[in-house]
1. Considering 164, 158, which residue is at pLDDT below 95 and of a type in the set (A, V, I, L, M, F, W, C)?
2. Taking region 213-244, which residues are surrounded by fewer than 22 Cβ atoms within 10 Å (Cβ to Cβ), within 19 Å of residue 174 (Cβ to Cβ) and in contact with a Phe, Trp or Tyr (Cβ under 8 Å, 6 or more places away or on another chain)?
3. Give the residue that is farthest from the ligand (Cβ to nearest atom), with candidates limited to residues of region 25-80 that are closer than 19 Å to residue 149 by Cα and small (Gly, Ala, Ser).
4. Could you please tell me which pairs satisfy a Cβ distance under 8 Å, a separation of 6+ or placement on different chains, a first residue in region 75-87 that is open to solvent by less than 20 Å² (accessible area, probe 1.4 Å), and a second residue that is of a type in the set (Lys, Arg) and outside any helix (DSSP H, G or I)?
5. Has region 81-99 got any residue that is in contact with a Lys or Arg (Cβ under 9 Å, 6 or more places away or on another chain), within 13 Å of the ligand (Cβ to nearest atom) and not hydrophobic (A, V, I, L, M, F, W, C)?
6. Could you check, for region 281-288, whether at least one of its residues is farther than 18 Å from residue 150 by Cβ and in contact (Cβ under 8 Å) with a residue 40 or more places away in the chain?
7. What about residue 139, is it at negative phi and either at pLDDT 95 or above or not assigned by TED's automatic domain parsing to the domain that holds residue 230 (or both)?
8. With the condition kept exactly as written, say whether any residue in region 171-186 is farther than 23 Å from residue 139 by Cβ, within 16 Å of the ligand (Cβ to nearest atom) and within 23 Å of the chain's Cα centre (by Cα).
Amino acid sequence: MTQEPAPCDLLVGADLILTLDAKGTILHDGAIAVRDRAIVDLGPATEIAQRWRAAESLPGKGRIAMAGLVNVHNHTPLMITRGMIEDIGFAPMYTPGIPQGHWLTEEDAYALSRLGMYELLRAGCTTVVDFYRYPSALARAAAELGLRAVIAGRVHDAEPGALATGKHTYSRSIGEASLRENAELIARWNGHDEGRIRCDWAPHAPDTCSDDLLREVKKLADAHGGNIHTHLSQLPAEITAVKERTGLTPPQLMDKLGLLNDRLIAAHCIHMDRADIELCGKSRMTVAHAPIGNAKGGRIAPIMELKEAGARIALCTDTFSGDMIEAMRWAISMQRINRQGNVLDARTVLDWGTREGAEAIGLGDKVGSLEVGKRADIVLLDSRSPTLAPMVDGYGVLVHSASGRDVDTVIVDGRVVLADGRLTLADGDAIVAEAQSRANALWQRAGRQPIA
Ligand SMILES: [Zn+2]
């Protein structure tokens, strides 16, 4: 007697499924069954169809399915500087002549965050770590668009106006306000929508936070759990300021204050000597590698050395492109230039951008690969795209040739949030128009007249 098929919410078919699990399982003509937001079965399409009766089905013809991409460091409101900062400076907070973060209203942050999150989804990113001022606006945008997100505030007590002119002036009231904002975020949003939105603490950088503020953040983050997100050894100005203030390098200071450990996700890690690299490696911290931003600033982070010393590497776009596949390609090229050899391959960077990134931010049991029991965060690519042929091992062509533009459909928590490249839960055209209009006003204030 044959068993009656069991009910499920969604069946996702694909000519090819790249599960990106640790064994590198690939399925031909496969299907994924989703119930209560999770993957309950995956295998050959004919077998899945016998076992499951779905409320909704996505046909697999012309589709490649893969695990959603995990971007471990980003600041969506900084979309305001995208397309301009790249030719003007490096890190926006330290750059004059552009719209400053402290000019943004909460509604500006929300509008720009929606733009950034739309772009991320469109390029196949299903999980992002996003932190900035007005973090509740970022959480609101992620909640609305359907993206999985770890949100944090931007804790600092360095005065931003002074920082843009190269000075480090610390203000207790600025520090307290940014702590309050991060605490309010956690109280309001942590665990929202069955954990789709999680909140953490994020001290901006060792030079923009005084020792007292870093100690305070550590205390609060220890009580809260989760990760601590920051920038580390990003700029020569940061190294100089920290040395002048404390006599230590940024990693030494973080270590002294108890922040350098396996809970720390630190972006950049560029300007490090051998001792810094050893210290970071020993701590088992995660480097949020931002190759595109680093290269545009003329810099290469020593990530292979950090990895060899014991650090975990994960990938991020750090705002200025939402395309994680592009970031993977840049990571490979930059390390090959840096080490004058074939030191990094497609499979490794794809793992950094999926499973390893998920593990680094404490979501390894939920996302990062397509496996039974994990949340259904699935990206569907158009297998008829000329950039995805010829498909040989499945990884090479994806990383070295494809781009976020090949993404067709995105599913987060078992819900289709992008179909045919369009958002399903919000009006993408209105998001772009609103962001342009707010950018116009902010750039005018910075002395530029946008042409749009
Ligand atoms: Zn950053």
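The values are calculated or read from the model by the stated rules, or taken from the named source; none is laboratory data. These figures come from a predicted structure and were not determined experimentally. Note: ideal-geometry Cβ built from the backbone for every residue, glycine included; neighbour counts use all protein chains shown. Remember, those area values only see protein heavy atoms, side chains included, never the ligands or the DNA or RNA. Shrake-Rupley method; radii C 1.70, N 1.55, O 1.52, S 1.80 Å.
1. Selected residue: 164, the only one of 164, 158 that is at pLDDT below 95 and of a type in the set (A, V, I, L, M, F, W, C).
2. 220, 237
3. My answer is 38.
4. Every condition considered, the pairs that remain are 75/154; 77/133.
5. no
6. There is no residue in region 281-288 that is farther than 18 Å from residue 150 by Cβ and in contact (Cβ under 8 Å) with a residue 40 or more places away in the chain.
7. Working: at negative phi: yes; either at pLDDT 95 or above or not assigned by TED's automatic domain parsing to the domain that holds residue 230 (or both): yes.
When the stated conditions are applied, residue 139 passes them.
8. Checking region 171-186: not a single residue is farther than 23 Å from residue 139 by Cβ, within 16 Å of the ligand (Cβ to nearest atom) and within 23 Å of the chain's Cα centre (by Cα).
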